[in-house]
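Novice: Here's a structure for you.
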Amino acid sequence: MKKLFTIVSMTLIIPALTSCGGGPKGDMPWIVDRFDDIKVIRYEVPGFDALPLEEKELIYYLSEAAKCGRDILFDQNCPVNLPVRRTLETVYENYKGDRTTAEWKALEKYLKKVWFANGIHHHYSNDKFVPEFTEGYLLDAIETIPEEKFGSLNSLRGEVCRAIFDPALYPTKLNQKAGDDLLLTSSSNYYHNVSQAEAEAFYADMAAADAGNPEPVSYGLNSQLVKEEKTGRDRIWKMAVGAVLVLLFIYILYPRLADVFLRARTSAPAQTEAAGAEETVRRNGLDQSGISDVEWQEQPITVVPNDYQE
C-alpha cells in the first residue's frame, strides 16, 4: 500500500488550524491538488479576516521573506535542480500546444513534484523522479517556444535532458548505504569531486588547527567543498565558504529582504500593544500562539497518512 501524504498549502503559517474532522466551512474547495503520493489541501484560518490590516501586512511580508532563500535550497540539493526547474517552468508558462494530452499531464505532474521536493529527487526516499513523458516530447515542446524565452538555459538543454532521463545520472540525492562512499554516490551539491574520506580529513585538519578556540565555528555550514586538480600530484583544496551564496545574498537577496522587513516593521503593531499581549500570555499560561500547551498538542499536524491506495 502506498500512503498518501497530505501537505498544507497556505500563505499564512500560524499554529491555529482547523480540526482534522473536516475541511473549511466556506465554499472554497479544501483539496487544491493531488498528484502521486501528495495531496495539497487548504486550511481555513479562523479569525484572520478580523485581524487589523497592519497585522495582515506583517504576516504577508514575513511569508515573502521566508521564500527568498528558495533557489539556494534547490541548488544545494543537486547541481542541476535550478536548470531543470527553470527549463520546465519556461515550457509550462509558454507552451501553446495541446495541454490535454497524457504526456503534457505527465510533464505537468513532474514539474509539480520538482516544486514540492525542491528538486528532482523524492523528498522521503531521495530517489530521482522517473518521468512519465519522453525526451522527444520535451524537446518538441521546447522547439515550439522562442529561444529568447529560455535565455542562458539554451546552452544547458542537453544537460537538463540527461539529468531528467538518464537513470544512471544523479540517481539519489542522499545515499546512506553502508560501505558506499556517501559523497561520491550522492547528488548533493555541498561537495564537488571530493570523496568521503577526503572531506572527513579536510574538516578534521580544520578542527585540529582551531582546537584552542573556546567557541569554534561550525565547519562547512552553507558552503561547498571543492577539490581542484592541478598538474602532477599537486592538489589544491579550496573551501568556497559560501562565497557564491554570500554574493547572491548581498547583490540579490539582501535588498529584497531589507525591503520586506522594513515593510513588515512598519506594519507591526505598536510595542506597547505587544508588551500587553506578552503580559496576557504570561498570566494565562499560554504560548505565543495564544493557546495553552494542552490545546497545542490537540492541533492537527500538517503531514498525515490516510487510506489512499494506488
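Novice: Restricting attention to segment 197-220, does a residue exist that is under 26 Å from residue 88 (Cβ atoms), in a helix (DSSP H, G or I) and modelled with pLDDT of 90 or more? Before you say what the answer is, go through the steps one by one.
Specialist: Here is the first cut: in segment 197-220, the residues under 26 Å from residue 88 (Cβ atoms) are none.
No, segment 197-220 contains no residue that is under 26 Å from residue 88 (Cβ atoms), in a helix (DSSP H, G or I) and modelled with pLDDT of 90 or more.
Novice: Just name the residue that is surrounded by the fewest Cβ atoms within 10 Å (Cβ to Cβ) out of those in segment 167-216 that are free of Cβ contacts under 8 Å to residues at least 24 places away in the same chain, under 30 Å from residue 139 (Cα atoms) and not aliphatic (A, V, I, L, M).
Specialist: The residue in question is 185.
Novice: Scan segment 175-196 and give yes if some residue there is among the basic types (Lys, Arg) and at pLDDT 95 or above, otherwise no.
Specialist: Within segment 175-196, not a single residue is among the basic types (Lys, Arg) and at pLDDT 95 or above.
Novice: From the list 164, 145, 120, which one is touching a residue at least 40 places away in the same chain (Cβ under 8 Å) and more than 23 Å from the chain's Cα centre (by Cα)?
Specialist: 145
Novice: Okay, moving on. Report the residue count in segment 96-110 for those that are surrounded by 14 or more Cβ atoms within 10 Å (Cβ to Cβ) and either among the hydrophobic types (A, V, I, L, M, F, W, C) or assigned to a strand (DSSP E or B) (or both).
Specialist: Looking only at that region, the number is 3.
Results for (1) of a type in the set (Ser, Thr, Tyr); (2) under 17 Å from residue 142 (Cα atoms), shown as yes or no for each residue.
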{"residue": "77", "(1), (2)": "no, no"}
{"residue": "80", "(1), (2)": "no, no"}
{"residue": "87", "(1), (2)": "yes, yes"}
{"residue": "90", "(1), (2)": "yes, yes"}
{"residue": "104", "(1), (2)": "no, yes"}
{"residue": "114", "(1), (2)": "no, no"}
{"residue": "120", "(1), (2)": "no, no"}
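Novice: Is it the case that some residue within segment 120-132 is of a type in the set (A, V, I, L, M), outside any loop (DSSP other than H, G, I, E, B) and buried (at least 17 other Cβ atoms within 10 Å of the Cβ)?
Specialist: Within segment 120-132, none of the residues are of a type in the set (A, V, I, L, M), outside any loop (DSSP other than H, G, I, E, B) and buried (at least 17 other Cβ atoms within 10 Å of the Cβ).
Novice: Sticking with this one: Consider residue 67 against the criteria (1) of a type in the set (Lys, Arg); (2) modelled with pLDDT of 95 or more; (3) farther than 22 Å from residue 150 by Cα: it satisfies all of them except one. Which criterion is unmet?
Specialist: The failed condition is (2).
Novice: Which numbered condition in (1) more than 25 Å from residue 39 (Cβ to Cβ); (2) in contact (Cβ under 8 Å) with a residue 60 or more places away in the chain; (3) part of a helix (DSSP H, G or I) is the only one that residue 113 fails?
Specialist: (1)
Novice: Among (1) part of a loop (DSSP other than H, G, I, E, B); (2) at pLDDT below 95, which single condition is residue 167 missing?
Specialist: Among (1) part of a loop (DSSP other than H, G, I, E, B); (2) at pLDDT below 95, residue 167 violates only (2).
Novice: Any residue that is touching a helix residue (DSSP H, G or I) at 6+ places or on another chain (Cβ under 7 Å) and of a type in the set (D, E, K, R) - is there at least one of those in segment 113-127?
Specialist: no
The values are calculated or read from the model by the stated rules, or taken from the named source; none is laboratory data. Since the model is a prediction, treat every value here as computed from it, not as a measurement. Positions of Cβ are backbone-derived with ideal geometry, glycine not excepted, and every protein chain shown enters the neighbour counts.
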